[in-house]
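Below: one structure, written as structure tokens.
The values are calculated or read from the model by the stated rules, or taken from the named source; none is laboratory data. In this text, all values refer to a predicted model and were calculated from it rather than measured experimentally. Virtual Cβ from ideal backbone geometry, glycine too; neighbours counted across all protein chains shown. Note: areas computed on protein heavy atoms with side chains; ligands, DNA, RNA excluded. Shrake-Rupley method; radii C 1.70, N 1.55, O 1.52, S 1.80 Å.
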Amino acid sequence: MTNHQWVERSDRVIMKTYGRYPIVPVRGEGCRLWDADGKEYLDFLAGVAVNNLGHCHPKVVQAIQEQAARLIHCSNYYQIPQQIELAELLCAHSFADRVFFCNSGAEANEAAIKLARKYSRDTKGAERFEIITATDSFHGRTLATVSATGQEKIQRFFDPLLHGFTHVPFNDVAAIEAAIRPTTCAVMLEPIQGEGGVNVPDAAYLPAVRELCDRHGLLLILDEVQTGIGRTGTLFAHEQFGITPDIMTLAKALAGGAPIGAMLAREEVAAAFVPGTHGSTFGGNPLMTAAAIATLRTILEEGLLNRTEEIGEYLLGELDTLGKNYSFVREVRGIGLMIGMALTIPAGDIVKKGHERGLLLNVTHDTVLRFVPPLVVTKQEINRMIELLDGIFAEVAV
Ligand code: PMP
């Protein structure tokens with residue numbers, strides 16, 4: 001079967017939820033992907049910040065294979081050892097004391113919203129339920145997370161949305177303070193906005209929000225679904241800003257490409273969930289948690305965090321140098337290997353030309369090229385990408 005044949009079949013049976021490019025990946029290894037026609041791609045998207053260890057990392061593959069032969073799923077009994085071990089690992093490397101496992105970023109954020117409301121109800125009175133979130137934020141596609149998301153294009157068509165979300169501009173502490181009401185229970189933010197255009201806040205923003213939350217008795221929920229698991233050069237992006245949240249959500253890269261979500265909290269906050277308040281059939285299932293343990297151990301034990309910081313600086317520098325030669329490049333920004341290149345022109349055409357040349361990139365917020373390669377990306381691969389991009393930019397510039 002060729003790409004073209006698969007695309008035709010797909011268009012008949014798959015719901016058209018995403019605008020898709022006509023590439024059908026069938027195999028991956030490290031920073032490389034191959035499509036059904038056998039064409040090779042250099043992958044600077046990594047499943048949108050999912051394949052942090054590269055595609056099919058041997059340790060993740062082995063963990064999944066071994067676990068699949070032992071036990072794939074079991075629910076309702078006491079937690080399986082893999083889930084407990086993963087929770088211990090996450091707590092040992094974060095501010096958190098307890099973890100709830102689910103299957104996606106949206107589901108982790110749903111759990112965070114429910115926990116924040118229940119905690120506030122239990123400890124501060126029933127009238128505290130509102131959550132302040134940011135304009136241009138992205139928190140998922142379920143109704144509660146669409147309601148939390150600060151993008152009209154995501155919310156359109158789905159009214160009535162969930163009541164109780166107030167959106168304020170990102171990177172603006174005064175705007176949060178002005179939005180606080182007696183009914184507010186939490187502030188929910190991405191440390192760096194991903195789908196909103198790779199927006200990096202000022203260094204003082206998150207510390208000031210933390211202080212504001214403490215002063216007003218609000219919970220700080222950080223959505224680290226895209227920024228977490230080493231993407232920025234620390235295990236979690238909030239470490240870059242010297243603060244800790246009360247609740248944090250993870251998904252994407254946590255299990256090296258296997259579907260998992262997690263919601264972490266401090267003991268006092270986590271105590272609001274008691275038997276019967278929340279759940280998930282597949283959440284924390286043996287296969288995914290085994291994959292996640294292998295992923296986390298590899299990231300922590302193979303020095304990938306320091307490497308990400310270093311290689312991220314190299315990529316940022318190379319992109320910056322390239323951008324100086326083209327008047328349509330407005331800004332290059334990012335931390336670690338989460339980098340955006342803001343253009344003054346729509347980026348869709350550049351992405352398409354990249355695909356023709358065997359380079360996978362994507363565009364976020366219409367005009368921002370997003371670079372989120374596997375953390376194992378090499379300098380040679382970066383140099384090759386820059387070379388390809390330079391060729392594309394030269395074509396677009398004329
Ligand atoms: N939060 C953030 C910050 C995200 O980037 C995403 C996915 N792009 C989500 C939540 C939703 O995750 P999922 O697609 O796994 O539901």
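For region 254-298, the set of residues classified as within 16 Å of the ligand (Cβ to nearest atom) and open to solvent by less than 10 Å² (accessible area, probe 1.4 Å) consists of LEU254, ALA255, ILE260, GLY261, ALA262, MET263, LEU264, GLY284, ALA291, ALA292, THR295, listed by residue number.
Here region 315-331 is the region considered, the condition is being of a type outside the set (Gly, Ala, Ser) and part of a loop (DSSP other than H, G, I, E, B), and the residue that is nearest to GLY197 (Cα to Cα) is PHE328.
Restricted to region 151-261, the set of strands (runs of 3 or more DSSP E) holding at least 1 residues that are of a type in the set (Phe, Trp, Tyr) comprises 165-168.
Only one of the numbered conditions (1) closer than 16 Å to MET263 by Cβ; (2) open to solvent by less than 40 Å² (accessible area, probe 1.4 Å); (3) not acidic (Asp, Glu) is not met by ARG98, and that is (2). If you filter region 27-67 down to residues that are assigned to a helix (DSSP H, G or I) and open to solvent by 40 Å² or more (accessible area, probe 1.4 Å), you find that the one that is nearest to HIS4 (Cα to Cα) is GLY47. Scanning region 126-138 for residues that are within 16 Å of the ligand (Cβ to nearest atom), under 23 Å from GLY217 (Cα atoms) and not small (Gly, Ala, Ser) turns up ILE131, THR133, THR135. In the set (1) within 18 Å of the chain's Cα centre (by Cα); (2) part of a loop (DSSP other than H, G, I, E, B); (3) under 24 Å from ALA265 (Cα atoms), the condition left unmet by ASP136 is number (3).
So that you can scan it fast, the table gives a plain yes or no per residue for (1) surrounded by fewer than 24 Cβ atoms within 10 Å (Cβ to Cβ); (2) within 14 Å of the ligand (Cβ to nearest atom):
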{"position": "ALA203", "(1), (2)": "yes, no"}
{"position": "PRO207", "(1), (2)": "yes, no"}
{"position": "LEU218", "(1), (2)": "no, no"}
{"position": "VAL225", "(1), (2)": "no, yes"}
{"position": "THR232", "(1), (2)": "no, yes"}
{"position": "ALA237", "(1), (2)": "no, yes"}
{"position": "ASP246", "(1), (2)": "no, no"}
{"position": "LYS252", "(1), (2)": "no, yes"}
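Restricting attention to region 313-332, does a residue exist that is modelled with pLDDT under 95 and either on the phi > 0 side of the Ramachandran plot or exposed (fewer than 15 other Cβ atoms within 10 Å of the Cβ) (or both)? No, that holds for no residue.
Here ASN3 meets the list (1) open to solvent by less than 20 Å² (accessible area, probe 1.4 Å); (2) touching a residue at least 60 places away in the same chain (Cβ under 8 Å) almost entirely, failing just condition (2).
Checking each residue in region 333-363 for being under 17 Å from ILE392 (Cα atoms), in contact (Cβ under 8 Å) with a residue 60 or more places away in the chain and surrounded by fewer than 22 Cβ atoms within 10 Å (Cβ to Cβ) picks out ALA342, VAL351, LYS352, HIS355, GLY358, ASN362.
If only residues of region 101-118 that are buried (at least 24 other Cβ atoms within 10 Å of the Cβ) and away from the ligand (no atom under 15 Å from the Cβ) are counted, the one that is farthest from PRO275 (Cα to Cα) is ALA116.
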